[in-house]
Amino acid sequence: MEKPGFLNVIDDFENQLTDKKNFLKVLKKHVSCYENEKEVLLELSNDITQVRTKIDLITVFSSRLKSLFYFTHAVVSLVDKQQQTYYPFLIDREALQIKHRDELPSLLASRFFLDDPFISQAHGSDMPVSFLLDDIIHKPDIPGFLKVNYECGIKEAMIVPLKSKMETIGHVLMYSDRIGAFSDDFKAFISMISSQLSSAVSNIKINEEIEFKEWVNEVLLDISNNLATVRHRKDLLTVVNAGLKKLVKFTHNVMTILDETGENYQVYVTDPDSPTQKFPKYPEALMRSNPVNDGVYTAASGSEGPVVLDMTSFDLDKAPLWFKLNYAAGAREMVINLLPGKAERELSFILFADKKGTFDAAALNIIERISSQLFTAASNIAANEEIVNKEREKSFLLNFSHDIAAVRSKYDFSVAVEKAVKKLSSVKGYIIRLIDNDGVTTSSYVYDSTATFINDPGFKQMIATRFDIKDGIQDKVLCSAEPILFITDQEMRRPVVPQYVRTWSDMGLRKMIGVALRTGSKDLGILFMETDVVNLPILKGICAQISTAISNVLVNEQLITYKSMLEVENDHLKEQINTIYNSAEIVGSGPEMQQVYQLMSIVAKTNSTVLLMGETGTGKELVARGVHKGSPRKDKLMVKVNCAALPANLIESELFGHERGAFTGAFERRIGKFEQAHNSTLFLDEIGELPLELQVKLLRVIQEREFERIGGKTTIKVDVRIIAATNRNLEEEVNAGRFRADLYYRLNVFPISLPPLRKRIEDIAPLANYFLARHSKNTGIKVTSISGKVIQELKSYPWPGNVRELEHLLERSVLLTNGSTLREIYLPKTRFGKDLSVNQTLEEIERAHIIQTLKICGGKIAGSGGAADVLGTPSTTLHAKMKKLKISKTDYLSQAS
């Protein structure tokens, strides 16, 4: 061991000085220096023993040591024995020669290997080792911090090993911009205090570790306390990140959850600051289900702690989408930790870093320590979500129940279902198909009018088409008690693909859920929905209420139909009671009427179509009722439609009915005459007045025996016997192009011509007496007979209005008669003069009669006392007659009486 410096000095002086006095003088001087050095060493030693923090140790270097020896700055490094590296531990930043260099932050964060050419020469030494940087700076693998110091003017460096229990725990790296600064005295002095420096560094490290552990525990406790207050999934990672990012250097994170089968997993909650949000496929990654054997999740399966994965080692082509997006966002290392605890669905916590080596042992320990709290918080959130979801489901189903309870019609039902589905964000559209009456097909009932696919041409064809139940799709749904998911692409590979599945594919509907609608054991139909997420409790609750509502609507529609039919039948009964004509009151025994009776008896018992032809007022409706009464359909009322009494735009609705909302003013569903006449007889009066466009539809219904209501999509089959009547010559109308030939041939199966009254002279007296008795009874005026003179006048009159005109003239005459015998009849002939010549045609007589009546009525056509009322014909029919006979206002107003 080398002698202390002061002994060498004494030896030198003994050799050089012979003078004892001078020797003693020099000796005293050096003893004094030694005493000062000893005092400084003692003070420095005391200062070092009091060191507790890095700042305290920096003060020792910057103040105490620099007062004894020259150096520019010093750095204390620590050794990582496990990784065989060393790294900066303590730095006096203000003294650093390189403090302004851009490389400084990265150098301070770096680790350097113990076998580099610089530190390796002193690492195993017990004494300080100094270097001239010129001698070593060009060696390979020289550490970067030495190069930067060299570039900043540092010329010499000294390494002082710090040892504890015979092991090097660190180094003091001292630098100088002067050569020779690190003298033997400096080295001897620093060597004497190196053990104390080692103890001080160890104490600082231990204190920092204790403080760090306490801080970590404090942060973890804060995280745990904050997690206990979290109630919503979206807040979970926000709370975790606020604390965890203080402890672990990760960029972002995510949590996943297994599905009920345990075979797939998907995102449970994502970091609100995740850089993957910028990618277009981010929403898809959130929703996508991934198999657990995807190679990534598999790496963590079976592990009891966090598992670090090098993301660069994976094949991106085979990696799941979420992995690809995170890699594209810059992540290069990840750690997966399957959260401990008993749960129905396993949760995992995944953290990402943009640098490899981020997740060291300390980081993994912290991640593992937080796992149980994270699991508890996630479990509490799941329980809370389940409670909230159940309450939401109850509220939703209760509101839907209230809406559906008020449903009475198909329209109300459609509105209620659409309102409910709008609240289900996962449902993009729906179609309800009901089983038809034949039990082998289904038809569209209602659909989502807000769905984007309804404008597709294929959709319109799909809802208008019936489909067989046994097609492999519908029958599968109806045989299942649970909803069934159909993947359109898979269904398109069937040997026989139903047309509606092709339409799904064309419209871009990739996933369809099918649910059977049934009440009890009776199948009603199927609800098809386009959705990716299925909430079974909600879906089953909706379908149960939908099924009940559909059943109620169908029953209610039947009740409405029956009610409407009863109302119509009631009106017809009243009409029969109030009318003068009924089948038992056909008066006439002449040869003309005998022929009519014979034809009636022949056709009555059949279902053949009958065409009644004859002038206005000849009793066509009476004959029609007679035919009906003699038919097998007599137990049901005959339904009558006057084709001339309704505007053209309402005739179709009158015949076929309409749905609510089918057109402006259609506030309620209406049952058409064809539907009312099912299994009965439909009497189409004034058939010649039917517009051409409606003649086509009427022909189709007569031929096909089925139709659809206006605005409806359901085909209604009917069994109706047709009796048509007209006062026109339909053959002439066909030739003129005003009546379809095919409809005429369809109606003219069994024609019956009714004779005009002028050809039934022998029936005039019986008819007159019959009307006299009826009107006498109705008016309370007792007129019991008709004079011979009046009878003769009646027989002489040409009767352009036929029996109806006779009836009204008799009624008027009874009202004007005094006495029990009708002695005067007020015939229009007294005013017609020459106009009633026997040489006139029927149309001329009819025209003159109408004009004369209009003059008598002062030009009034409709209403009480109008010409239509006097003639006993509907005002619309009279208008049609006037148009046909070319009667204008100038014909009757210029001389109106």
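The values are calculated or read from the model by the stated rules, or taken from the named source; none is laboratory data. Bear in mind that the values here come from a model prediction, so they are computed numbers and not experimental data. Positions of Cβ are generated from backbone atoms using ideal geometry, with glycine treated the same way; all protein chains shown enter the neighbour counts.
Miscellaneous remarks
- Hey, Gly305 touching a helix residue (DSSP H, G or I) at 6+ places or on another chain (Cβ under 6 Å), small (Gly, Ala, Ser) and surrounded by fewer than 20 Cβ atoms within 10 Å (Cβ to Cβ) or not: yes
- Annotation: of all residues in region 738-793 being in a loop (DSSP other than H, G, I, E, B) and of a type in the set (S, T, N, Q), the one that is modelled with the highest pLDDT is Asn748.
- Any hit, region 841-850, residues being at pLDDT below 80, in contact with a helix residue (DSSP H, G or I) (Cβ under 6 Å, 6 or more places away or on another chain) and under 27 Å from Arg728 (Cα atoms): no
- Checked against (1) farther than 24 Å from Asn380 by Cβ; (2) within 29 Å of the chain's Cα centre (by Cα); (3) among the β-branched types (Val, Ile, Thr), Val201 meets all criteria but (2).
- Selection status of Ala383, more than 21 Å from the chain's Cα centre (by Cα), part of a helix (DSSP H, G or I) and surrounded by fewer than 17 Cβ atoms within 10 Å (Cβ to Cβ): yes
- The listed residues are Phe250, Phe279, and the only one of them that is touching a Leu at 6+ places or on another chain (Cβ under 9 Å) and farther than 23 Å from Ile367 by Cβ turns out to be Phe279.
- Any hit, region 492-502, residues being assigned by TED's automatic domain parsing to the domain that holds Val440, hydrophobic (A, V, I, L, M, F, W, C) and farther than 19 Å from Ser444 by Cα: yes
- Put simply, of Ala319, Ala328 the only residue that is touching a residue at least 40 places away in the same chain (Cβ under 8 Å) and either outside the structural domain of Leu236 (by TED's automatic domain parsing) or over 18 Å from Val269 (Cβ atoms) (or both) is Ala328.
- All of (1) under 22 Å from Phe61 (Cβ atoms); (2) modelled with pLDDT under 90; (3) touching a helix residue (DSSP H, G or I) at 6+ places or on another chain (Cβ under 8 Å); (4) not β-branched (Val, Ile, Thr) hold for Ala157 with one exception: (2).
Listed here are the residues, each with its yes/no results for (1) surrounded by 19 or more Cβ atoms within 10 Å (Cβ to Cβ); (2) of a type outside the set (A, V, I, L, M); (3) within 22 Å of Thr876 (Cα to Cα).
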residue	(1), (2), (3)
Ser680	yes, yes, no
Asp685	yes, yes, yes
Val696	no, no, no
Arg721	yes, yes, no
Asn729	no, yes, yes
Ser753	no, yes, no
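- Residue match in region 486-504 (condition: in contact (Cβ under 8 Å) with a residue 60 or more places away in the chain and either surrounded by fewer than 20 Cβ atoms within 10 Å (Cβ to Cβ) or farther than 29 Å from Arg670 by Cβ (or both)): no
- Residue check for Lys511: without any contact (Cβ under 8 Å) to a residue 40 or more places away in the chain and under 24 Å from the mean Cα position of the chain (by Cα): yes
- Checking each residue in region 450-478 for being aliphatic (A, V, I, L, M), without any contact (Cβ under 8 Å) to a residue 40 or more places away in the chain and under 20 Å from Arg493 (Cα atoms) picks out only Ile469.
- Against the test of being touching a residue at least 40 places away in the same chain (Cβ under 8 Å), in a helix (DSSP H, G or I) and not charged (D, E, K, R), the options Phe707, Phe674 yield a single qualifying residue, Phe674.
- Residue match in region 441-458 (condition: farther than 30 Å from Phe663 by Cβ, loosely packed, with under 15 Cβ neighbours inside 10 Å and assigned by TED's automatic domain parsing to the domain that holds Ile546): no
- Single unsatisfied condition, Trp799 versus (1) assigned to a helix (DSSP H, G or I); (2) buried (at least 21 other Cβ atoms within 10 Å of the Cβ): (1)
- For region 401-440, the set of residues classified as within 25 Å of Glu706 (Cα to Cα) and loosely packed, with under 14 Cβ neighbours inside 10 Å consists of Asn437, Asp438, Gly439, Val440, listed by residue number.
- The residues of region 286-318 that are within 18 Å of Asn253 (Cβ to Cβ), under 34 Å from the mean Cα position of the chain (by Cα) and part of a loop (DSSP other than H, G, I, E, B) amount to a single one, Val296.
- Residues of region 68-92 that turn out to be crowded, with 17+ Cβ neighbours inside 10 Å and closer than 13 Å to Ser110 by Cα, as a count: 7
- Only one entry in Leu809, Leu815, Leu827 is hydrophobic (A, V, I, L, M, F, W, C), surrounded by fewer than 14 Cβ atoms within 10 Å (Cβ to Cβ) and within 23 Å of His849 (Cβ to Cβ), namely Leu815.
- Residues of region 250-260 that are part of a loop (DSSP other than H, G, I, E, B) and farther than 22 Å from Lys278 by Cα: Asp259, Glu260.
- Among the candidates Asp763, Asp719, residue that is closer than 27 Å to Arg812 by Cα and not basic (Lys, Arg): Asp763
- Any pair with Cβ under 9 angstrom, 6 or more apart, that starts in region 113-132 at a residue that is aromatic (Phe, Trp, Tyr) and ends at one that is surrounded by 13 or more Cβ atoms within 10 Å (Cβ to Cβ) and modelled with pLDDT under 85: Phe131/Gln121; Phe131/Ala122
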